[in-house]
Amino acid sequence: MAEIGFIGLGNMGGPMAANLVGAGHRVTGFDPSDTAQARARDHGIAVAQRIAEAVRGVQTVVTMLPAGPQVREVYTGSGGVLDTAPAQCLLVDCSTIDVDSARAVHAAAQDRGYALLDAPVSGGVAGAEAGQLTFMVGGDPDAFDCAKALFDIMGKAAVHAGPAGNGQVAKACNNMILGISMLAISEAFTLAERQGLEPEKLFEISSQASGSCWAMLNHNPVPGVVETAAANRNYEPGFSADMMWKDLKLAQDAAMRAGVSTPMGANAQALYAALVNAGWGGKDYSAIYRLLRGETPES
Ligand code: NAD
């Protein structure tokens, strides 16, 4: 049994921490949200009132926070993890954040003698609950080996992506592929239907042909085509449009910093911004299909 501090017990962090408890570890969590605290207690997580209390005596600290500013604050702020965690403690940030913040926090941790991994995830809330996440991990390979046992509890796969920040690079690129794929699928299925080809028939053909892709097979945006897709639950997420917009923006920020032209990614970000602005931010990202058909949230 290991002692683990877990900071950020929201929709993702809560179930991830609960799975660590389920595997026999002792987890102390910190989150300012009353709702998150109550849910954590229900799952056997000890709830601390300060970061210092959550990390006291632990071997590993895991963080699962909204974005770069919160990650910087939790690690480098006064009374934060780097001020209070035990020496030799392994730090694992699973949040999805910008590459620059990830590398800045890595450098600050290294200066204080800690190994830190950026380990964002794919798989959403369902994957977090089922312990079926995929971790994309940047940082020291020995630190990756140390964290592997915890990744195996919370996920189905963990891939070492290279040095500090490369986990975030992988996440931004993966979700840029996903966002662009969903747009292609939405346009193709709309065109097919308007030309008299039933969506079920296009699916039967394309799922066995060169147009097949993961999003079409698993998150098909047309109701009635893939039984488990969010389209059949009034586009309840799943993976929300807000989150997709956030990840596409992170990809665009990274592309701009690197001087790389990503016109498809830029278009995808603009279309998801329109979806969010239309009031669909809390719906599944596959609801972009509805927007592209000229529909509104009320229609
Ligand atoms: P969430 O908003 O449900 O949870 C974030 C939690 O962090 C909240 O409970 C909040 O109170 C807490 N928090 C904020 N500031 C804090 C601080 N300073 N100290 C301690 N706790 C603090 O969000 P989520 O859906 O759990 O997402 C968390 C991260 O996972 C994000 O970076 C997101 O992009 C990423 N992610 C989410 C999904 C998804 O489907 N929800 C999928 C993959 C990755």
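The values are calculated or read from the model by the stated rules, or taken from the named source; none is laboratory data. The structure presented is a predicted model; accordingly, all values stated were derived computationally and were not measured. Because the Cβ atoms are built from the backbone with ideal geometry, glycine has one as well, and the counts that use them run over all protein chains shown. Just the protein is used for accessible areas: all its heavy atoms, side chains included, with ligands, DNA and RNA removed. Shrake-Rupley method; radii C 1.70, N 1.55, O 1.52, S 1.80 Å.
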Given R₀ = 25 Å, FRET efficiency for residue 174-residue 125 by Cβ-Cβ distance, to 0.05?
-> 0.90
If packing is taken as the mean number of other Cβ atoms within 10 Å per residue, what is the order of 111-119, 202-210, 89-97, highest first?
-> 89-97, 111-119, 202-210
Degrees separating the helix 141-154 axis from the principal Cα axis of the chain, which is the longest one | 70
For residue 111 and residue 210, extending 7 Å from Cα along the Cα-Cβ vector and measuring point to point gives, in nm, a value of 5.2
Round to the nearest 10 and give me the degree value, 0 to 90, for the angle of helix 263-275's Cα axis relative to the longest principal axis of the chain.
-> 90
Do me a favour and compute the ellipsoid semi-axes for the chain from its Cα gyration tensor, root of five times each eigenvalue, largest one first, whole Å.
-> 37, 20, 17
Using Cα atoms only, what is the angle between the long axis of helix 13-22 and the major principal axis of the chain, expressed in degrees (0 to 90) to the nearest 10?
-> 60
So what does log10 I(q)/I(0) come out to for the stretch 61-137 at q = 0.15 Å⁻¹, using the Debye formula with one equal point on every Cα and no solvent?
-> -0.49
Using packing as a proxy for protection, rank 254-262, 38-46 so that the peptide with the highest average count of other Cβ atoms within 10 Å comes first.
-> 38-46, 254-262
Leaving out ligands, DNA and RNA, what percent of the accessible area of the stretch 191-299 is carbon and sulfur, probe 1.4 Å?
-> 56
By the Cα gyration tensor axes a ≥ b ≥ c (a/c under 1.5 gives rounded; else a/b larger than b/c gives prolate, otherwise oblate), the shape of the stretch 3-163 is rounded
Please work out the average accessible area per residue across the stretch 3-163, using the 1.4 Å probe convention, and give it in Å².
-> 41
Treating only Lys and Arg (+1) and Asp and Glu (-1) as charged, each at its beta carbon, one finds that the chain has a dipole about its Cα centre, in Debye to the nearest 20, of 140
Quick one: putting +1 on the C-beta of Lys and Arg, -1 on the C-beta of Asp and Glu, what dipole do you get for the stretch 3-163 around its Cα centre, in Debye to the nearest 20?
-> 240
Antiparallel DSSP beta bridges within the stretch 3-163, as percent of all bridges there, nearest 5 = 10
